[in-house]
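Please read the structure below before turning to the comments.
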Amino acid sequence: MNWRSKRLWLELIAGARKLSNFFWALTVFLGSLGFLLVGISSYLGRNLIGTSSYLGRNLISFVPSQQIPFFPQGIVMCFYGIAGLFISSYLWCTISWNVGSGYDRFDRKEGLVCIFRWGFPGKNRRIFLRFCIKDIQSVRIRVKEGLYARRVLYIDIRGRGVLLLTRTDENLTPREIEQKAVELAYFLRVPIEIF
């Protein structure tokens, strides 16, 4: 949701709670769980084969543990499974904390710009920047064409350098990024630079 008037521009920024992040977190979790179960199954099948114990069974029915030796394939599968579970837990934590979400607020009445983002838990979880509108020198568009085309929007702040406004994974068309840059530059009354 974005809200604009003659004196106030408020733009909400989506964070890590995107459909693609949910997809990848679930895919990595299920894949790593499969690797770990096959590795454990190869260990249990190798050491307890011929016993009548329940642990001698395959944990995943479509992969017979007798065909996968524990050393070295089973160990490697366990390692990949554990590593994948760590990566998956990192992705789920990023989604639950909604890292990267926040807002951009440009207030011409007060002459202030407020940029807020949520980060990772800790001392610097809240990222809050505040500066004067008169310190903004220009709105910049950076265009990188090619296989992974990227178009991002920055503002150039006197004494602070450039500040990124759009996400790098946001796939805006050239027309959309130009329209957004023109509207913001008009609102802030600054020039546009393309680099």
message: With the structure loaded, tell me whether LEU147 is touching a Leu at 6+ places or on another chain (Cβ under 6 Å) and closer than 26 Å to ARG17 by Cα or whether it fails that test.
response: no
- line: Picked from the stretch 142-179 (must be part of a strand (DSSP E or B) and not hydrophobic (A, V, I, L, M, F, W, C)), the residue surrounded by the most Cβ atoms within 10 Å (Cβ to Cβ) is ARG151
task: Filter the stretch 177-195 down to the residues that are free of Cβ contacts under 8 Å to residues at least 40 places away in the same chain and of a type in the set (A, V, I, L, M, F, W, C), then identify the one that is farthest from ILE141 (Cα to Cα).
output: VAL182
field: Which numbered condition GLY100 fails, given (1) under 26 Å from LYS6 (Cβ atoms); (2) touching a Gly at 6+ places or on another chain (Cβ under 6 Å); (3) in a loop (DSSP other than H, G, I, E, B)
entry: (1)
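Criterion first (modelled with pLDDT of 60 or more, in a loop (DSSP other than H, G, I, E, B) and surrounded by fewer than 12 Cβ atoms within 10 Å (Cβ to Cβ)) does SER61 satisfy it?
Values: modelled with pLDDT of 60 or more: yes; in a loop (DSSP other than H, G, I, E, B): yes; surrounded by fewer than 12 Cβ atoms within 10 Å (Cβ to Cβ): yes.
Here the answer is yes, as SER61 does meet what is asked.
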task: Among the residues of the stretch 105-121, count how many are part of a loop (DSSP other than H, G, I, E, B) and more than 11 Å from LEU8 (Cβ to Cβ).
output: 4
- prompt: Out of LEU36, LEU26, LEU30, which single residue is at pLDDT 85 or above and within 27 Å of GLY102 (Cβ to Cβ)?
  reply: LEU26
message: Residues that are assigned by TED's automatic domain parsing to the domain that holds TRP9, within 24 Å of the chain's Cα centre (by Cα) and without any contact (Cβ under 8 Å) to a residue 40 or more places away in the chain: does the stretch 133-144 have at least one?
response: yes
task: Search the stretch 107-123 for residues that are not assigned by TED's automatic domain parsing to the domain that holds CYS93 and pair each with any residue that is assigned to a loop (DSSP other than H, G, I, E, B) and loosely packed, with under 12 Cβ neighbours inside 10 Å when their beta-carbon atoms are under 6 Å apart and the residues are at least 6 apart or on different chains.
output: ARG108/ARG7; LYS109/ARG7
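Sort out which residues of the stretch 180-195 are on the phi < 0 side of the Ramachandran plot and either loosely packed, with under 13 Cβ neighbours inside 10 Å or not in a helix (DSSP H, G or I) (or both), and write them in order of number.
Quick first cut of the stretch 180-195, residues on the phi < 0 side of the Ramachandran plot only: 180-188, 190-195.
TYR186, VAL190, PRO191, ILE192, GLU193, ILE194, PHE195 - these are the residues of the stretch 180-195 that are on the phi < 0 side of the Ramachandran plot and either loosely packed, with under 13 Cβ neighbours inside 10 Å or not in a helix (DSSP H, G or I) (or both).
The values are calculated or read from the model by the stated rules, or taken from the named source; none is laboratory data. If you're wondering where the values come from, they're calculated on a predicted model, not measured in any experiment. When we count neighbours, we look across all protein chains shown, and the Cβ atoms used for this are built from the backbone with ideal geometry, even at glycine.
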